Amino acid sequence: MLRLIVIFFMLGLHLNAEDCVDCHKKEAQKCQSSNHYTLSNAINITRKAWGIKDSNVTLQTIPHSKIDVKKPSDLVDDFLRRKCLKCHLNVKNSGERGMKRQRGCLACHSKHSKKGRCQTKKIAMSKCLSCHNKEFVGTDYKGLFPKDYSHSFRTPLQKDGKYPSQRYGIDFHHLNQDIHYKLGMSCVDCHNNKNGKNWKKNITCKDCHKELSKSNHKEYHSNISCSACHSSWNMSSYELSVFRDDTADYAKWKDLTLQEDAYLNKFLKKALKSKKKIKPVMPDWVDMKQKKGVWYSGWRYRRWEDMVLGVDMNGTIKILRPIFQYRVSYRDANGSMVLDDVSSVDGKPLEAWAPYSPHTITKKAKSCERCHNTEIKKGGVYSLKIPKVIYNGKALSKTQTDRLKSYKYKKIRAKMLN
Amino acid sequence: MNLEKPIAKPSSPDQCMSCHSSTTNMDKSHPIEVFGCFKCHGGNRYATNKKDAHRGVVLNPSRLEYANRFCGECHSDVVKRVSSSMMQSQNGILNVLKFQWGELSTPIGLEGVVELKDKNSTSLAESHFRKACASCHVNQHEDVFDDKKYARGGGCVDCHRIEKGHQEKNHYVHSKLSSKIPSKNCLKCHNRSNRIGISYFGKFESEGYGTPYKHGEFSHKLDGSRFYYELPADIHHTKAGLDCIDCHTEKGVMGDGKKNHHMEDAEDIKCNDCHKPKFKKADSLAVMLSDLNGNIPETKSIAYTNKKNSPIYNLQKDKNSTKFYRKRDGKAFDMSNMSNKPYHTLDIHKRLDCTSCHSSWVPSCYGCHEVYFENGKQFDWVKREVTKGSWQEFRSFLRFESPSLGVGYNKKIMPFAPGCQVIGTLFKDKKVEKFHAMAMAGWDPHTTQKEVRSCEDCHFNPASLGLGRGNLDIKNNRIFFEPFYNSKKSGMPFSYPIDGFVSSDGKQFQTTSRKDARSFNKKELQKIVGAYKCILCHDRYSDKIYKDFNKSKILFNSGKTVCLD
Amino acid sequence: MSKYVAWVTQALFIISLLSGLIVVFVYYPSNAYDSVQKLSFITPFGLFFRELHYFSSEIFIFSILVHILIELSKKEIKINFKSWIYSIFALLVALVLMFTGFVLKADQSANAAAEVAFSLLKDTPFLDKFLPLVRDNFVFYWKFFVWHGLFLPLIIEYAILKHVRKLSVNISYFTIALGVTLLVSLFLNLPRDIGLDEKVLHVKGPWFFWGAENMLQAGLSVLGINVVIILPFLLLIGMYKSNTKLLKILLLLWVIIYAYFSV
Amino acid sequence: MLNKKRRKFLNLLPYTLVGGFSYPVVKFFLFNDKPEIKMLIPLKELKEGITYIEKSKIFIYKNSQNIDIYNAHCTHMGCILNFNKDTKQFNCPCHKSRFDIDGTRLRGPAKRDLDKIAFKIKNKTLQVG
């Protein structure tokens, strides 16, 4: 009964981050240095990819883009502010299905239940996924792989003949789910502060799975990450063309209103329907002001079965993924192409590959062939699968690639199959 | 009362030239000064006033309903053949569609477009055929296409017209017809379904992003709203720039007068017609065709197709060389014959069609969600009017890598791809009905490369084996496969993975487009995957274990040969 | 009055004959339609002579009818029986000439008319023996051509000679006839030729057959048609020195009925 | 008086009629629809060998001794011939007739040699027709 009264009491109040800080000073301090608060990881990797050399800014210090644009790096902050940083702690979300959450501490620490809303210590997975969706680790845990943008992929139709409603502003293919998810575990079961660990640091599999049974874990694959073998699929999204258009040219996007961006979907639908000319504007999600120009985007292609291996900072072999291979276009309000499909600056491609751990873990590891037989054909878009710029890691060395095809491997593998 | 008529000093046998004096010649074989206009267009050749002269004129005499009267006066044999050819009747498409949708028990039987003309059918497959497939046949009316850029049809001119008639400054350029048909004419139609036309040029119809954006617009456009990305093109294109007609013979394309059921019955050319040619004396048709071409020398010894014995008059044998001439411009290439290396002669791969190794990729469009709105309205390409009921097409995902393999229509192993995986939703008056007709089809994807797929790509890649994308492993000679795709959760009305042709224990999930075509069965799967352990080390065809692989296996199993220490 | 009409009629016949003599030079039975078209559209003054030939013949028939009308309105037929028969025969031949001329223009309606004539002949007892006189499997128009261009003119000339006993070419009647023909052709056009490839729903024969055509369509048998066609000639023959009043009324009745069906 | 005038007129009438009709009749009978080629070509513009004149569809064959002009249409069905420089022959694209460079028929289905077209040379100019 007391609990209920407290809940109702809480409902009446509109909690702000400041209210929490009054009591939870320590936690608040910790939070301010966390990546969730600064988003420096995502910001700096993109800025570097777009040609800013020593980038070290945070959500709080990210500058505005220059008005006089000459190269992609002059636009990267605008791109980040309006296209990427939709999911920081203080953002007012767009209210799409799956993306409803509050701001500040309550962005994570609140819970919707039948009884109402309350703050909670145990963070629901839905809260995490409201940001960690699309191409990123998060929704892959539930086996979700985003569908392509074009309306021709929006299936199956609902009973009234309308397009299916999307979660996080996108449609998904359903692939294999992570075994931890199948067993009922949520994000915070692993990513937590327990065991005296700072949750900013990555938790490793070995923290739980201390006993490694089989011989090949130790004998052959000592310096490989668990997820490289035990992930069933991974996200490879090749070549992202982004285009900021300051002119009101919407007609060609009629089949591509869905661009994993709920605001853009709504905006384009309105603009295509309206007889009046609607100004091309899009919000800056950091200072929450509407600014001129609309950012459009489109992939070359995306795969879940492809794998590119690399080595991370610690020398562990991991799966690499492109985040992303950019091609940048910018048309100003006069209609002149300031940047026309720029894919490299000074010979350096605008791309960033990074090692990552797909959250699509299965008990049974991949067959050896999925790593040992990977051959990348050259020519056409096949060549997009060859990493040119790798962050926080490097490509496999010659000895490592040779080892993939070594006689020793073949012999051992043949024995296993016999 | 008319006294004296105005007479143009005739440069043609018809008076038409007194008005149409500026019209240029169509081609060298039909000069206006000999043929005049009337022979081809009808009307009144002597009248000099517009009304009388144009009475009964046919603008496009090559439409098949007129062709008999005009073109057919000289080319009656061809007109007859084309009228019953598959490109005109589309019986292959209609029958396979009806077969796959469960309306026919075998993929043969119906006549095609002609049969549907005056028929009011309630069949779902026929409705779909009318509203989608039937837009492409030789005798389609060009004028029903809103966008003239993509207009198809018109009878003989559908293929043979290389330049459309148009008015130039001071003269009218008559439509130019030619027997040197440029590939772009073939591509007007052959760019969908199995997409061989675009695959040949290394274009893969993409997910529709139009990326990269060039000059603020979409790039890599195929047509209106379709886009592509570049993949390695067919070697015949990259190396020699061959056009479709360089291989495809006249009989193979325009029909042989027989009633063919499927594309492969009508098709004439095979890889070994050129790469393992048999030379014979040039017959009169061959001489005529090379004369007509003008660029190809007349030689005594030329190749013939094995199937229909049509002359391949551009593959000629001289005393000391074999030359292949490109029909477009007569450029000569040295013909490379199929080698006698072990990979072509060994028994282990004798069931393989050339395409199973040499096709590097196949456009595979998974999950064709067909939606039918009973109350909608859509253009009926057979009746050429808007009728009730409309179809809309959706898809799940596209792939080009590691094409699936299966046993094809010729009982040989060849690449397979979805063709077509229909997941239908029918929005009827008050209720919603569902059906699905999942099928795979095998064909020559026209993405030939000299380099072949690696051994592992066929012997241990689940996608190639037809299992689908996922994780494959074997233990104690049993195949274990865990697919990535969860069809049920993704909203499909079936539980097998959408890219799964066959289960790991040999159960075929999907139908095919032919009676004889099928996926691998359990035995075959085990044989293929079972060979992989040998392939790991013995990765050369020249390896002696392949000379008699069965014997080698027996020897190995009985412990007489040792390979692993 | 009757005399003048008769002379003009004769002059019209001569004009028709002469213009026919001209157009025959470009007429090729084996290439009939084309040669007619060539005549009308290309040959200098070709259409002029064709029109002259056509209209003079048409007016010729009309003036014969007028001539008969005037003569029948008189109380008594003055000529002897032999030339009376010849004159009726001449009328018949004139109509056959008209019909063969219609067929010789060789367009679609001409072909249809020929076919109808063939079937009428074929289905009529006795007359069916004469089918080979007009039908030819090799050059369709050849026999029509011979009849129209040679034998029928000779026959009709002979009949006319028997009828009038003297042939006089009075230049003033000739001028009147020519003038009338030119005047008519100035205001009227030739009925258009229906091209062989044209798609038309309905083709008609020469105007004097319209009534028969419509009667056939209304369900009259072939025998009935033959009776209808022959009846006025029989009536005319019977009129010679008999109870002419009844026959005249019958003929008038026939004309009214036929005219009714013709329209 | 009047009667006399009328008689005079009537006497003149036949002559007027014959006179009036003679023009159309003459025109009618003298009509000739055979096509003609008329052109002038300066001799110095002609090169040795075969020249094809697209406009009037003729081949002009010039060698050291003389000049010949052929109708470019095959004598079989009238297709425009191709001149093969290697074999120095005219090939018909339609029914594989062959003609030698001097216009003689080499093989059928054409039955005649190429039609030669009359021409004159005046003031160093080739006059055809």
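Of the numbered conditions (1) at pLDDT 80 or above; (2) open to solvent by 90 Å² or more (accessible area, probe 1.4 Å), D:Asn63 fails exactly one; give the number of that condition.
(2)
Checking D:Asn91 against (1) within 13 Å of another protein chain (Cβ to nearest Cβ); (2) in contact (Cβ under 8 Å) with a residue 40 or more places away in the chain, which test does it fail?
So D:Asn91 meets the others, but not (2).
Contact list please: Cβ distance under 9 Å, first residue in region A:55-71 and in contact (Cβ under 8 Å) with a residue 24 or more places away in the chain, second residue buried (at least 16 other Cβ atoms within 10 Å of the Cβ) and of a type in the set (Phe, Trp, Tyr), pairs at least six apart or on different chains.
A:Leu59/A:Tyr37; A:Val69/A:Tyr330; A:Lys71/A:Trp50
Test B:Asp499 against the criterion of being open to solvent by less than 20 Å² (accessible area, probe 1.4 Å) and either in the same structural domain as B:Trp443 (by TED's automatic domain parsing) or modelled with pLDDT of 90 or more (or both), and give yes or no. Don't jump to the end; show me each part of the working.
Numbers: open to solvent by less than 20 Å² (accessible area, probe 1.4 Å): yes; either in the same structural domain as B:Trp443 (by TED's automatic domain parsing) or modelled with pLDDT of 90 or more (or both): yes.
Answer is yes for this residue.
Given (1) open to solvent by 30 Å² or more (accessible area, probe 1.4 Å); (2) without any contact (Cβ under 8 Å) to a residue 24 or more places away in the chain; (3) more than 18 Å from B:Val138 (Cβ to Cβ), identify the lone condition not met by B:Asn68.
Condition not satisfied by B:Asn68: (3).
Give me a count of the residues in region A:387-415 that are closer than 26 Å to B:His459 by Cβ and free of Cβ contacts under 8 Å to residues at least 12 places away in the same chain.
Taking region A:387-415 and keeping what is closer than 26 Å to B:His459 by Cβ, we get A:396, A:400-415.
Next, from what is left, pick out any that are free of Cβ contacts under 8 Å to residues at least 12 places away in the same chain: A:401-403, A:406-408, A:410-411, A:414-415.
Number of matching residues: 10.
Just checking, does region A:253-272 include any residue being over 21 Å from the mean Cα position of the chain (by Cα), within 12 Å of another protein chain (Cβ to nearest Cβ), open to solvent by 10 Å² or more (accessible area, probe 1.4 Å) and without any contact (Cβ under 8 Å) to a residue 12 or more places away in the chain? Please lay out each step first, then the result.
Taking region A:253-272 as the starting set, the residues that turn out to be over 21 Å from the mean Cα position of the chain (by Cα) are A:253-255, A:266-272.
Applying the additional criterion that residues be within 12 Å of another protein chain (Cβ to nearest Cβ) yields A:253-255.
Now drop any that are not open to solvent by 10 Å² or more (accessible area, probe 1.4 Å), which leaves A:254-255.
Among the residues that remain, those that are also without any contact (Cβ under 8 Å) to a residue 12 or more places away in the chain are: none.
Checking region A:253-272: not a single residue is over 21 Å from the mean Cα position of the chain (by Cα), within 12 Å of another protein chain (Cβ to nearest Cβ), open to solvent by 10 Å² or more (accessible area, probe 1.4 Å) and without any contact (Cβ under 8 Å) to a residue 12 or more places away in the chain.
Look through region B:364-414, keep the residues that are among the basic types (Lys, Arg), touching a strand residue (DSSP E or B) at 6+ places or on another chain (Cβ under 8 Å) and more than 28 Å from B:Lys203 (Cβ to Cβ), and return whichever of them is most open to solvent (accessible area, probe 1.4 Å).
The residue in question is B:Lys377.
Okay, residues lined up against (1) of a type in the set (A, V, I, L, M); (2) touching a residue at least 12 places away in the same chain (Cβ under 8 Å); (3) away from chain B (no Cβ under 11 Å):
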residue	(1), (2), (3)
D:Ile80	yes, yes, no
D:Phe99	no, yes, yes
D:Ala110	yes, yes, yes
D:Asp115	no, yes, yes
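Can you tell me which residue is most open to solvent (accessible area, probe 1.4 Å) among those in region B:426-444 that are assigned to a strand (DSSP E or B) and either of a type in the set (D, E, K, R) or over 22 Å from B:Ile196 (Cβ atoms) (or both)?
B:Lys434
Among the candidates D:Leu106, D:Leu126, which residue alone is open to solvent by 50 Å² or more (accessible area, probe 1.4 Å), in a strand (DSSP E or B), more than 18 Å from B:Leu285 (Cβ to Cβ) and away from chain B (no Cβ under 12 Å)?
Details: D:Leu126 fails: open to solvent by 50 Å² or more (accessible area, probe 1.4 Å).
Step by step, each of D:Leu106, D:Leu126 is checked, and only D:Leu106 is open to solvent by 50 Å² or more (accessible area, probe 1.4 Å), in a strand (DSSP E or B), more than 18 Å from B:Leu285 (Cβ to Cβ) and away from chain B (no Cβ under 12 Å).
Checking the condition open to solvent by less than 10 Å² (accessible area, probe 1.4 Å), away from chain A (no Cβ under 14 Å) and of a type in the set (Ser, Thr, Tyr), which residue from B:Thr447, B:Thr512 passes? Before the answer, list the steps.
Numbers: B:Thr447 fails: away from chain A (no Cβ under 14 Å).
Exactly one residue qualifies, and that residue is B:Thr512.
For the subset of region B:302-340 comprising residues that are outside any loop (DSSP other than H, G, I, E, B) and open to solvent by 70 Å² or more (accessible area, probe 1.4 Å), which member is farthest from B:Leu289 (Cα to Cα)?
So, considering only residues that are outside any loop (DSSP other than H, G, I, E, B) and open to solvent by 70 Å² or more (accessible area, probe 1.4 Å), the one farthest from B:Leu289 (Cα to Cα) is B:Asp334.
For region A:375-418, how many residues meet the condition of being over 23 Å from B:Ser206 (Cβ atoms), more than 9 Å from chain B (Cβ to nearest Cβ), polar (S, T, N, Q) and exposed (fewer than 15 other Cβ atoms within 10 Å of the Cβ)?
The number of residues fulfilling the criteria is 5.
Hey, can you tell me all the residues within region B:91-112 that are more than 18 Å from the chain's Cα centre (by Cα) and either over 14 Å from B:Arg514 (Cα atoms) or part of a helix (DSSP H, G or I) (or both)?
The answer is B:Lys98, B:Phe99, B:Gln100, B:Glu103, B:Leu110, B:Glu111.
Could you say which residue among B:Lys450, B:Lys430, B:Lys434 is over 14 Å from B:Leu525 (Cα atoms) and free of Cβ contacts under 8 Å to residues at least 40 places away in the same chain?
Working: B:Lys450 fails: free of Cβ contacts under 8 Å to residues at least 40 places away in the same chain; B:Lys434 fails: free of Cβ contacts under 8 Å to residues at least 40 places away in the same chain.
One residue alone meets the criteria, B:Lys430.
Can you tell me which condition A:Ser152 does not meet? The list is (1) polar (S, T, N, Q); (2) part of a loop (DSSP other than H, G, I, E, B); (3) within 14 Å of another protein chain (Cβ to nearest Cβ); (4) out of contact with any His (no Cβ under 6 Å at 6 or more places or on another chain), and all the others hold.
Of (1) polar (S, T, N, Q); (2) part of a loop (DSSP other than H, G, I, E, B); (3) within 14 Å of another protein chain (Cβ to nearest Cβ); (4) out of contact with any His (no Cβ under 6 Å at 6 or more places or on another chain), only one is false for A:Ser152: (2).
Can you list the helices (runs of 4 or more DSSP H) found entirely within region C:139-220 that contain at least 2 residues being open to solvent by 50 Å² or more (accessible area, probe 1.4 Å), of a type outside the set (D, E, K, R) and out of contact with any helix residue (DSSP H, G or I) (no Cβ under 7 Å at 6 or more places or on another chain)? Quick ask: steps written out before the conclusion?
Numbers: elements: C:142-146, C:152-164, C:171-187, C:210-217.
In region C:139-220, C:152-164, C:171-187 are the helices (runs of 4 or more DSSP H) which contain 2 or more residues that are open to solvent by 50 Å² or more (accessible area, probe 1.4 Å), of a type outside the set (D, E, K, R) and out of contact with any helix residue (DSSP H, G or I) (no Cβ under 7 Å at 6 or more places or on another chain).
List the helices (runs of 4 or more DSSP H) inside region A:208-280, counting only whole elements, that have at least 3 residues being within 23 Å of B:Phe394 (Cα to Cα).
Working: elements: A:215-219, A:226-230, A:262-273.
The qualifying helices (runs of 4 or more DSSP H) are A:262-273.
Could you look through region B:229-249, keep only residues that are among the hydrophobic types (A, V, I, L, M, F, W, C), within 14 Å of chain A (Cβ to nearest Cβ) and open to solvent by less than 20 Å² (accessible area, probe 1.4 Å), and pick out the one that is nearest to B:Phe218 (Cα to Cα)?
As a first pass, look at region B:229-249 and keep what is among the hydrophobic types (A, V, I, L, M, F, W, C): B:231, B:233, B:235, B:240, B:242, B:244-245, B:247.
Still in the running and within 14 Å of chain A (Cβ to nearest Cβ): B:231, B:233, B:235.
From the residues that got through so far, the ones that are open to solvent by less than 20 Å² (accessible area, probe 1.4 Å) too are B:231, B:233.
Details: B:Leu231: 18, B:Ala233: 22 Å.
Among those residues, the one meeting the criterion is B:Leu231.
Would you mention how many residues in region A:111-160 are modelled with pLDDT under 90, crowded, with 20+ Cβ neighbours inside 10 Å and among the hydroxyl-bearing types (Ser, Thr, Tyr)?
2
Taking the stated definitions as given, is C:Phe261 more than 30 Å from C:Lys78 (Cα to Cα), assigned to a helix (DSSP H, G or I) and at pLDDT 85 or above? Give the derivation first.
Numbers: more than 30 Å from C:Lys78 (Cα to Cα): yes; assigned to a helix (DSSP H, G or I): yes; at pLDDT 85 or above: yes.
Yes, satisfied.
Test B:Asp473 against the stated conditions and say whether it is more than 11 Å from chain A (Cβ to nearest Cβ) and of a type in the set (Asp, Glu). Write out each step before concluding.
Working: more than 11 Å from chain A (Cβ to nearest Cβ): no; of a type in the set (Asp, Glu): yes.
No.
Of the residues C:Leu69, C:Leu18, which single one is surrounded by fewer than 19 Cβ atoms within 10 Å (Cβ to Cβ), closer than 14 Å to C:Thr181 by Cα and without any contact (Cβ under 8 Å) to a residue 24 or more places away in the chain? Let's see the steps before the verdict.
Numbers: C:Leu69 fails: closer than 14 Å to C:Thr181 by Cα.
Of the residues listed, the single one that is surrounded by fewer than 19 Cβ atoms within 10 Å (Cβ to Cβ), closer than 14 Å to C:Thr181 by Cα and without any contact (Cβ under 8 Å) to a residue 24 or more places away in the chain is C:Leu18.
The values are calculated or read from the model by the stated rules, or taken from the named source; none is laboratory data. This is a predicted model, so every value here is computed, not measured. Don't worry about glycine lacking a Cβ; one is built from the backbone with ideal geometry, like all the others, and counts go over all protein chains shown. Note: areas computed on protein heavy atoms with side chains; ligands, DNA, RNA excluded. Shrake-Rupley method; radii C 1.70, N 1.55, O 1.52, S 1.80 Å.
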